[in-house]
Amino acid sequence: MGLDCRSLFPFEKIRHGARVLIYGCTTLAMDYLEQLNITQYATCCGFLDRRAECYAEMPVPVYPPERAGELKPDYVIIAMLTPAQWKTIEACLLSVGIEREKLVFAHFRQELPMIQDGGSYSDKFEGNEAYNKTGKLAIAVKFNGALGDNVIRKSVVEALVRIVPDCVIDIYSPVASSVLISLYYGCPYINSLIDDGGLLYQKRMRNYDLALRIETMPPDIDFISDVLAKNNPNLFEAMNAYKEYYHGDSADSNSSTFINVNRALFLGQNCYTALDGGVLGIKDMRVSIQMDPAFFERYLNLGLGSSYITFGCASGAGVSGQTAGYKQWPITRWEEFVLQLKSIYKGIKVVQLGAKGTKKLKSVDVCFAGEDLRLVQYILHGALCHVDIESGLVHLATQLGTRCVVLLGPTQRQFWCYPQNMIVARGECSSCYGLYRGDVRCARNCLQPPCMTAIRVDDVLAAVSNCLNER
């Protein structure tokens with residue numbers, strides 16, 4: 001298997017024989033672990049991840065970051081590509097007793113050649129993976145952990161099923177048991193959803209007829225079995241064409257997301273059709289999401305009724321510092337928005353949604369931060385409208401038929417936004433999303449981008465009013 005040396009472990013920054021922790025259950029972290037296992041240069045005694053409880057099967061233990069101090073590592077390797085997150089991670093680790101000199105910030109290296117590791121993975125794995133389903137064409141798909149991305153990329157999975165209706169699919173993702181279980185309920189073609197940061201996928205992908213990774217723009221195909229040409233020539237030809245498309249002029253994995261998104265815009269594509277590759281038949285911005293009826297009674301027991309509005313504050317990122325303010329609307333504006341909304345629409349409840357740990361804002365009627373997404377789907381589906389920045393909850397709500405009021409700044413409207421939603425945008429500078437490769441930050445290096453701070457509370461209230469009036 002070819003090893004991309006941009007993912008080379010930072011050997012030069014740590015001493016030989018050291019005990020290290022790797023922060024982040026990311027694909028980059030899995031590359032680091034594999035290199036340590038091959039070279040025996042240092043010992044990885046575990047991963048650190050805020051969602052440690054979600055990783056059921058990993059080659060090393062996964063601990064919450066709060067335990068880093070008690071584990072007494074010689075170094076903590078930060079395997080995160082986004083510098084905007086580093087300060088938050090650094091502050092967390094310093095607070096639990098890790099000395100600053102033990103922190104090693106690793107990222108993709110630049111302009112290094114390709115080498116061959118000469119290794120191969122065993123094809124002997126036990127379990128109930130799709131490749132053990134005799135007589136069925138088995139496909140492995142690797143996704144990242146973002147809710148919105150996973151909604152969008154379901155379009156690729158559905159396209160594959162249209163080409164080969166009798167296939168079985170395993171999806172590998174860090175959020176398989178929390179996000180994907182809600183997006184793929186009732187899908188007969190799904191064999192299993194596997195919690196995985198990348199290592200299991202890398203080990204098993206050659207056991208499948210087809211393995212593809214859809215984590216970035218552009219996507220990539222990692223493995224096409226030779227027997228696929230005989231058993232399903234249509235899919236074999238389509239996937240080779242797909243791979244050639246994304247390794248040609250239509251996309252460039254070495255370029256920033258900004259370049260690939262704007263290239264797609266010139267080709268008349270959006271975030272869904274840009275994944276088509278000229279062969280999958282993805283023509284619109286729709287995927288099928290079936291809600292789990294087991295959660296309907298729980299939804300009714302919430303007593304929300306039929307007159308409520310949901311809002312998300314970007315599923316909690318706005319208060320967690322995860323993206324250092326990027327794309328976010330100031331929390332003080334959200335609080336003012338809720339107060340004024342309740343004064344205008346006294347008979348309408350205001351429901352806050354968000355990630356686990358999201359702080360309940362003042363004056364909201366109820367907050368469902370960290371709730372099971374299968375329940376959140378019913379809450380979104382029953383809302384009069386959903387108000388948020390361009391985020392995962394917007395993609396989910398729209399697919400469930402709920403119109404959204406979207407506060408838009410850095411992200412490109414024609415690429416990421418649905419025509420049925422109401423967009424609120426202000427400011428002269430916008431649409432810089434993905435400008436820096438492997439980084440998420442304002443093009444002007446502002447902690448809170450001026451395109452977001454320019455949006456006024458009155459602008460959002462007017463959009464909500466128009467949305468309600470049209471209902």
Point-to-point label distance, ARG456-GLU470, nm (Cα→Cβ direction, 7 Å offset): 2.2
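Calculated from DSSP H runs of 4 or more alone, at -39500 (n - 2.57) each and per residue, what is the 222 nm mean residue ellipticity of the chain, nearest 500? Don't jump to the answer; show the numbers that get you there.
Working: 16 runs with 143 residues, N = 471.
Rounded to the nearest 500, it is -8500 deg cm²/dmol.
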Flagged links, alpha-carbon separation over 30 Å, of LYS87/LYS360; LYS327/LYS360; LYS13/LYS154; LYS136/LYS356; LYS87/LYS203: LYS13/LYS154; LYS136/LYS356; LYS87/LYS203
Accessible heavy-atom area order of MET285, MET30, highest first, probe of 1.4 Å: MET285, MET30
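Starting from the residue with the highest accessible area, list ASP220, ASP458, ASP292 in decreasing order, probe 1.4 Å.
Values: ASP220 40, ASP458 95, ASP292 15 Å².
Highest to lowest solvent-accessible surface, that is ASP458, ASP220, ASP292.
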Global form of the stretch 150-262, assessed from the alpha-carbon gyration tensor, a/c cut-off 1.5: oblate
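For the stretch 384-471, what is the relative contact order in percent, using Cα pairs closer than 8 Å and at least 6 residues apart in sequence? Can you show the working numbers first?
Working: 129 pairs, mean separation 25.2, N = 88.
Relative contact order, the stretch 384-471: 29 percent.
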Segments 91-98, 209-216 sorted - mean Cβ within 10 Å per residue, highest first: 209-216, 91-98
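Quick one: net charge around ALA42, please, counting Lys, Arg +1 and Asp, Glu -1 for every other residue with C-beta under 14 Å from its C-beta.
In short, +1.
Keeping all protein chains in place, calculate the accessible area per residue for the stretch 183-231 (probe 1.4 angstrom), answer in Å². Numbers along the way, then the final one.
Details: 1800 Å² over 49 residues.
Using a 1.4 Å probe on heavy atoms only, each residue of the stretch 183-231 averages 37 Å².
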Simple spin-label estimate for ARG15 and ALA294 in nanometres, 7 Å along Cα-Cβ: 5.2
Proximal aspartates and glutamates to LYS243, defined as alpha-carbon separation beneath 19 angstrom and excluding residues fewer than eight positions away on the same chain: ASP4, GLU158, ASP209, GLU215, ASP220, ASP222, ASP226, ASP252, ASP276
Accessible area of TRP329 in the full protein assembly, 1.4 Å probe (Å², nearest 10): 0
Label-to-label distance, nm, for residues given as GLU428 and ASN132 (7 Å Cα→Cβ offset): 6.3
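Restricting to Cα pairs below 8 Å that are 6+ residues apart, what does the relative contact order work out to for the chain? Please round to a whole percent. Display every interim value, and only then the final one.
On the way: 903 pairs, mean separation 59.3, N = 471.
Relative contact order of the chain: 13 percent.
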Carbon/sulfur fraction of accessible area - the stretch 307-457, other protein chains in place, 1.4 Å, %: 50
Modelled label reach - VAL366, point 7 Å along Cα→Cβ, the stretch 279-300 residues with backbone N closer than 19 Å: 292-300
Distant-in-sequence amide H partners of CYS367 (H built 1.01 Å from N, under 5 Å): GLN352
Protein-only accessible surface order, largest first, of THR332, THR39 at 1.4 Å: THR332, THR39
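The values are calculated or read from the model by the stated rules, or taken from the named source; none is laboratory data. The shown structure was predicted, so the numbers you read here are calculated from the model rather than taken from an experiment. No Cβ is skipped: glycine too gets one built from the backbone with ideal geometry, and neighbour counts run over all protein chains shown. Side chains are part of the model used for accessible areas, which takes the heavy atoms of the whole protein and leaves out ligands, DNA and RNA. Shrake-Rupley method; radii C 1.70, N 1.55, O 1.52, S 1.80 Å.
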